[in-house]
Amino acid sequence: MNHRFVIRQIGVLLLALSCVLGALGAYAFVLGLTDDLESRTPAAFAVAGACGLLAGLLAFVPFRRATPQIERREAMLLVALTWIVGAALASLPYYFWALWCPSEIPARALLRWR
């Protein structure tokens, strides 16, 4: 089984998704979000993009010379890992935003309402 190629491809995926997160962060910065709940959005996208970029480089660079040969088992592993890793990276901006947001956001206040 060619694990090196699968890891390299996951690294490429992380690098591509990190570029998308960086572009979304730049767009959010250009919008100039001034609301207290939205003001941390560009930073959340930027930090998530930086985390993905670092993880992508760590996955891609050591295995960049991997043999580009893939069989069914590697393909299935690659598809499964792509969904898992992509979902994890896509959820990071929400996680960072929730960490840096004021403690009394409307959704939390609604949950405590009786």
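Residue-level analysis places ARG114 among those that are loosely packed, with under 11 Cβ neighbours inside 10 Å and either assigned to a helix (DSSP H, G or I) or modelled with pLDDT under 85 (or both). When ALA44 is tested against the conditions (1) in contact with a helix residue (DSSP H, G or I) (Cβ under 7 Å, 6 or more places away or on another chain); (2) on the phi > 0 side of the Ramachandran plot, the lone failure is (2). Hey, does the stretch 37-48 have a residue that's closer than 20 Å to TYR95 by Cβ, of a type in the set (D, E, K, R) and more than 13 Å from the chain's Cα centre (by Cα)? Yes, because at least one residue in the stretch 37-48 is closer than 20 Å to TYR95 by Cβ, of a type in the set (D, E, K, R) and more than 13 Å from the chain's Cα centre (by Cα). Tell me yes or no: at least one residue of the stretch 23-35 is surrounded by fewer than 15 Cβ atoms within 10 Å (Cβ to Cβ) and either within 13 Å of the chain's Cα centre (by Cα) or under 22 Å from ILE84 (Cβ atoms) (or both). Taking every residue of the stretch 23-35 in turn, at least one turns out to be surrounded by fewer than 15 Cβ atoms within 10 Å (Cβ to Cβ) and either within 13 Å of the chain's Cα centre (by Cα) or under 22 Å from ILE84 (Cβ atoms) (or both).
Restricted to the stretch 63-78, and to residues there that are exposed (fewer than 10 other Cβ atoms within 10 Å of the Cβ) and without any contact (Cβ under 8 Å) to a residue 40 or more places away in the chain, the residue that is nearest to ARG4 (Cα to Cα) is ARG65.
The values are calculated or read from the model by the stated rules, or taken from the named source; none is laboratory data. Quantities reported herein were computed from a predicted structural model and do not represent experimental measurements. Methodologically, a virtual Cβ is constructed for each residue, glycine included, from the backbone with ideal geometry; neighbour enumeration extends over all protein chains shown.
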